[in-house]
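Student: My questions will all concern the structure given below.
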Protein chains: 2
Amino acid sequence: DLARHCAGLFNSRLLDRVQLTITAGPTREAIDPVRYISNHSSGKMGYALASAAADAGAQVTLISGPTNLPCPDRVKRIDVISAADMHGAAMAMMGECQIFIACAAVADYRPNNCADQKIKKDNDSMRIDLVRNPDIVSAVASHSLRPFTIGFAAETQDLLRYARGKLERKKLDMIVANDVANTSIGFNANDNAVTVLTANGEQNIAQMGKNQLAAQLIQLIAQQFLNVQS
Amino acid sequence: DLARHCAGLFNSRLLDRVQLTITAGPTREAIDPVRYISNHSSGKMGYALASAAADAGAQVTLISGPTNLPCPDRVKRIDVISAADMHGAAMAMMGECQIFIACAAVADYRPNNCADQKIKKDNDSMRIDLVRNPDIVSAVASHSLRPFTIGFAAETQDLLRYARGKLERKKLDMIVANDVANTSIGFNANDNAVTVLTANGEQNIAQMGKNQLAAQLIQLIAQQFLNVQS
C-alpha cells in the first residue's frame with residue numbers, strides 16, 4: 001500500500017550507498033572431523049536485517065555461519081564455519097564498512113585441539129578443554145578504522161543489566177538486547193521483541209515478525225549512524 | 001522403465017507388512033540453554049533408507065534427530081533431540097518392530113550437567129565434562145525382544161577392522177561401513193559408497209546416489225532378514 005511504499009522510499013534514502021556488514025547465524029567449533037560445538041541460532045534475525053538494510057539502500061555484506069537460509073536479494077554473502085573464520089572475514093571488512101552489525105551467535109570457546117581423527121569412545125567419561133575465541137565485536141569496535149558498531153546480547157537472565165555492561169565494556173554504539181529464555185521470540189522463532197540500548201537511552205520494540213522488526217531496527221540504526229556522522 | 005518397475009514390484013513384496021524402525025540424523029546434547037554438541041550428520045542416508053523401506057512394503061517408523069529434511073511419504077516420524085530421547089523412542093519400539101536400522105549419528109557423550117542458564121564466559125579457558133550416552137544399537141541388539149538389527153560404522157580411519165569389531169561386540173546382524181573421511185560420500189554428500197558386513201561375509205556397494213544405494217541396502221537387509229526368519 002501507499003504508506004508502505006512511502007516508508008520504503010524514505011528508508012531507501014536513509015542508508016543509500018552506505019557500506020554495511022552483518023554477521024549472522026551460529027558458528028561451529030570442531031571437536032574432531034565429525035563432532036562440533038554449536039548453538040541454536042537460526043540466522044533468521046541477521047538475514048532479516050541484511051534484507052532490510054539492502055531495502056534501505058545499503059551495500060550489504062553478510063558474513064554467515066552455517067544456516068539453511070537463502071541469501072537475500074542484493075546482499076553479498078561470505079560463508080564461514082568457525083568463529084576464527086568469521087573473525088578473519090570481519091577484519092577484512094575494516095576500512096571498507098561504515099556500519100557493522102554483529103548479529104551472529106559466535107561460539108565464545110572452541111576446543112583447544114581439534115583431533116585429526118574421530119575420537120574413540122573408550123572411556124565412560126570424557127573432557128573437552130576449551131579456549132576463548134576472538135571477540136569479534138570488540139575487535140571491530142576497537143579497530144583503528146572503527147565502523148559504527150552494533151552488538152547483540154542474547155541472554156536467558158538479567159538481560160538489560162548485562163546488555164548495558166556489554167555496551168560499555170566493548171565500546172559499542174548500540175546494543176540490541178534479546179531475551180532468549182522466551183521461546184516465542186529469539187533463536188528459531190519467527191517473531192522477536194528487543195530493547196535497543198545506546199549510551200543515552202533505551203527503546204523497546206514490541207513483539208512482531210522478524211522482518212518487520214528488522215526494518216524498524218535498521219531505521220533506528222540509520223538514525224543513530226547519521227547523527228554520529230553529522 | 002520396465003526393469004525399474006519390475007524391481008519395484010519385487011521390492012514391494014520383500015518387506016510387505018514388516019515393521020521396520022530407522023534412526024536418522026544427528027543428536028544434540030545440551031551444554032546450556034543456548035549451546036550444544038552435535039555432529040555433521042545430515043540425515044540424508046537414514047531418510048533415503050526409510051523411503052526405500054516404505055517402497056519395499058515395510059511399515060516404517062523413522063526416529064529422527066534434528067534435520068532439515070521432509071518426512072518421506074508413508075513413513076511415521078518421531079522427532080527427538082538428544083541421544084537419551086532417541087534411546088527412549090527406540091526402546092518403545094521393542095516388541096513392535098522386526099527390523100531395526102540404526103543409521104543416526106548418535107552423540108557418544110553428553111555434558112554431565114546441562115546448565116540452567118547460559119554459561120558466562122568469565123575465563124580464558126573452560127572445560128566440559130562429558131559422560132557416556134546410552135548405546136542405542138547395543139541396547140536394541142541385546143533386548144529380549146530383539147529385532148533383526150543393522151548398525152552403521154562411520155569412521156575416518158581403519159574402517160573395516162573397526163566395523164567388524166563393532167558387528168561382533170554389539171551382536172549386530174549386519175553393519176554398514178561408511179568412510180566419512182572421503183568428503184564425496186558420507187554425511188552431507190548426496191552420494192555414498194559402503195561395505196556391508198555380516199558374520200559370514202562382506203559386500204561392497206560402489207559410489208552412487210544415496211537413494212539408489214538405499215534401495216540396494218534395503219534389498220540386502222530384506223534378504224538377510226528373510227533368511228534368518230526361515
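Student: Which one of the conditions (1) surrounded by 23 or more Cβ atoms within 10 Å (Cβ to Cβ); (2) touching a Lys or Arg at 6+ places or on another chain (Cβ under 8 Å) does residue A:176 fail to meet, given that it meets all the rest?
Tutor: The single condition residue A:176 does not satisfy is (2).
Student: A further question follows. Does residue A:201 qualify as being touching a residue at least 12 places away in the same chain (Cβ under 8 Å) and either surrounded by 21 or more Cβ atoms within 10 Å (Cβ to Cβ) or within 30 Å of residue A:16 (Cβ to Cβ) (or both)?
Tutor: no
Student: Kindly establish whether residue A:220 is in a loop (DSSP other than H, G, I, E, B), without any contact (Cβ under 8 Å) to a residue 60 or more places away in the chain, under 22 Å from residue A:58 (Cβ atoms) and away from every other protein chain (no Cβ under 14 Å). Before you say what the answer is, go through the steps one by one.
Tutor: Numbers: in a loop (DSSP other than H, G, I, E, B): no; without any contact (Cβ under 8 Å) to a residue 60 or more places away in the chain: yes; under 22 Å from residue A:58 (Cβ atoms): yes; away from every other protein chain (no Cβ under 14 Å): yes.
Judged against the criteria, residue A:220 is not a match.
Student: Say we look at segment A:125-146 and pick out the residues that are outside any loop (DSSP other than H, G, I, E, B) and of a type in the set (D, E, K, R); which of these is nearest to residue A:176 (Cα to Cα)?
Tutor: A:132
Student: Moving on. Within segment A:130-158, take every residue that is at pLDDT 90 or above and within 19 Å of residue A:213 (Cα to Cα) and give me the one that is surrounded by the most Cβ atoms within 10 Å (Cβ to Cβ).
Tutor: Among those that are at pLDDT 90 or above and within 19 Å of residue A:213 (Cα to Cα), it is A:150.
Student: When the residues of segment A:69-99 are filtered to those that are within 14 Å of chain B (Cβ to nearest Cβ) and touching a residue at least 12 places away in the same chain (Cβ under 8 Å), which remaining residue is nearest to the chain's Cα centre (by Cα)?
Tutor: Among residues in segment A:69-99 that are within 14 Å of chain B (Cβ to nearest Cβ) and touching a residue at least 12 places away in the same chain (Cβ under 8 Å), the one nearest to the chain's Cα centre (by Cα) is A:83.
Student: I'd like to know if segment A:102-124 contains one or more residues that are loosely packed, with under 14 Cβ neighbours inside 10 Å, away from chain B (no Cβ under 12 Å) and over 29 Å from residue B:182 (Cα atoms).
Tutor: Let us first name the residues in segment A:102-124 that are loosely packed, with under 14 Cβ neighbours inside 10 Å, namely A:112-113, A:116-117, A:120, A:122-124.
Checking which are away from chain B (no Cβ under 12 Å) leaves us with A:113.
Next cut, over 29 Å from residue B:182 (Cα atoms) only: none.
Within segment A:102-124 (the criterion being loosely packed, with under 14 Cβ neighbours inside 10 Å, away from chain B (no Cβ under 12 Å) and over 29 Å from residue B:182 (Cα atoms)), the answer is no, since none of the residues qualifies.
Student: Shifting gears a bit: Consider residue A:152 against the criteria (1) more than 14 Å from chain B (Cβ to nearest Cβ); (2) closer than 19 Å to residue A:26 by Cβ: it satisfies all of them except one. Which criterion is unmet?
Tutor: Every listed condition holds for residue A:152 apart from (1).
Student: Within segment B:147-178, which residues are free of Cβ contacts under 8 Å to residues at least 24 places away in the same chain and part of a loop (DSSP other than H, G, I, E, B)?
Tutor: Scanning segment B:147-178 gives a single hit, B:158.
The values are calculated or read from the model by the stated rules, or taken from the named source; none is laboratory data. Keep in mind it's a predicted model, so treat the numbers as computed, not measured. Here Cβ is always computed from backbone atoms with ideal geometry, including for glycine, and neighbour counts include all displayed protein chains.
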